[in-house]
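Each reported figure results from applying straightforward, stated rules to the coordinates on display, with no laboratory input. All values derive from a computational prediction rather than experimental measurement. Counting neighbours? That spans all protein chains shown, and the Cβs are built from the backbone with ideal geometry, glycine included.
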Amino acid sequence: MTVWAYRLGRVLLSAALLASALAAQAAAQAARREVAVTFDDLPAPQGDLEDMRRITSRLLESVKRNGVPAVGFVNEGKLYRRGETDARTELLRAWLDAGLELGNHTFSHLNLQRAPLEEYKDDVLRGETVTRMLLRERGLRLRYFRHPFLFTGTTPEYKKGLAEFLAARGYAVAPVTIDNADYIFADVYLRAKKRGDAETAKRVADAYVPYMESAFEHFERLSSETFGREIKHVLLLHANEINADRFDELAAMMKRRGYTFVTLEEALKDPAYLEPDALYKNGISWLHRWRMAKGLPVKWEPEVPKFLGELYKAGRSGN
Ligand SMILES: [Zn+2]
């Protein structure tokens, strides 16, 4: 080997070493990602008792298989159907049997924008009864609250009054950083399945995880831009049909992006959750609220695919 070739070889070798060092660094950064997974609208936002049973068993199998310490947020109003209350309550027990935790999501999934604070407080209290009993059976305490629609207040007074009420009642609020529209996918997906339209169901399901990955990318970037680092995220999902069928793939996507699944308690230890969150009338990610409070520009997350938005609208209007 000539000296020249030797030197070139050295240069190439060090370039390769540098590239692999950078790749290792990127992987290490990625490997530090953490997310707490939460599911809203338990026992399930969709369908009849049979649908709820199918959704619950499939979803919990997948959540267990992937080692995800999830929290499920309950609307106890969904338990009271004539002759089905026990069966529906059993679906909540299944979450606890799976080693997961339950929180309060109000009794009736109340819309805060249409309810005075006193009415809202009543709905919070009414939503505790069964969940508290089920947790107590296992020596657990009801400690988390998730606002329906992520609506936290219409005025500064309402927001403050509700926050104080929840804290006095012993609740920690469960914020959301990775917000998304899984419910739109779930709605179109279940409708397609029920009418035997396998082609549409598959098209919707195949678009689901790529869409969710685009939401993750967005909020990871927003986290870095806002805090100079990636915070411990809280993901909002619903206990619905598409998650029951596709949670394995969703979990694989998260793992591929370097996430480990942590408890909500662990995620909330991130100091980001102590930041002031701006008052905003609609339900949005806490990353947007924190940015607003800091006077930073809002950068909205990607929308659902156009075909899906159109199918959703058509389905909602009964067409
Ligand atoms: Zn909800």
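Charge dipole (Cα centre; +1 on Lys/Arg Cβ, -1 on Asp/Glu Cβ; no other charges) of the chain amounts to roughly 560 debye.
Nearest 500 deg cm²/dmol is fine: what mean residue ellipticity at 222 nm does the chain get from its DSSP H runs of n ≥ 4 alone, each adding -39,500 (n - 2.57), divided by its residue count? Intermediate values should be presented prior to the final figure.
Details: 12 runs with 173 residues, N = 319.
Computed ellipticity for the chain at 222 nm equals -17500 deg cm²/dmol.
Taking other C-beta atoms within 10 Å as the exposure proxy, D86, D187 rank D86, D187 from fewest upward.
Dividing the alpha-carbon Rg of the stretch 32-316 by 2.2 N^0.38 Å yields what? Could you put the intermediate results ahead of the total?
On the way: Rg = 18.2 Å, N = 285, 2.2 N^0.38 = 18.8 Å.
Computed over Cα atoms of the stretch 32-316, the ratio equals 0.96.
What FRET efficiency do you get for E61 and R221 if R0 is 35 Å and r is their Cβ-Cβ distance, rounded to the nearest 0.05? Mind dumping the intermediate values first?
Details: r = 33 Å, r/R0 = 0.94.
The formula returns an efficiency of 0.60 here.
Of H238, H218, H288, the residue with the greatest mean-square motion in the GNM of the chain, using alpha carbon springs below 10 Å, is H218.
Relative to the current alpha-carbon distance between R141 and A168, full extension at 0.36 nm per residue lengthens the span by 8.2 nm.
Please list, by residue number, every one of the trypsin sites (Lys or Arg not before Pro) in the stretch 172-255 that is coil in DSSP and has at most 13 other beta-carbon atoms within 10 Å. Walk me through the intermediate numbers first.
Details: sites: R191, K193, K194, R195, K202, R203, R221, R229, K232, R246, K255; in loops: R195, R229, K232.
Of the trypsin sites (Lys or Arg not before Pro), the ones in loops of the stretch 172-255 whose Cβ has at most 13 other Cβ atoms within 10 Å are R195, R229.
Counted residue by residue at 0.36 nm each, then reduced by the alpha carbon distance between them, the extension gain from K281 to E90 reaches 65.2 nm. Shown here for the stretch 278-319: chymotrypsin sites (Phe, Trp or Tyr not before Pro) in loop regions (DSSP other than H, G, I, E, B) with at most 13 other Cβ atoms within 10 Å, namely W300. For K299, the aspartates and glutamates whose Cα falls under 20 Å of its own Cα, not counting residues fewer than eight places away in the same chain, are D179, D182, E213, E217, E220, E225, E230, E275, D277.
Evaluated over the stretch 117-274, the count of Lys pairs having alpha-carbon atoms less than 30 Å apart is 15 (only pairs 8 or more residues apart or interchain). Were the residues from R126 through R257 laid out at 0.36 nm apart, the gain over their Cα-Cα distance would be 43.2 nm.
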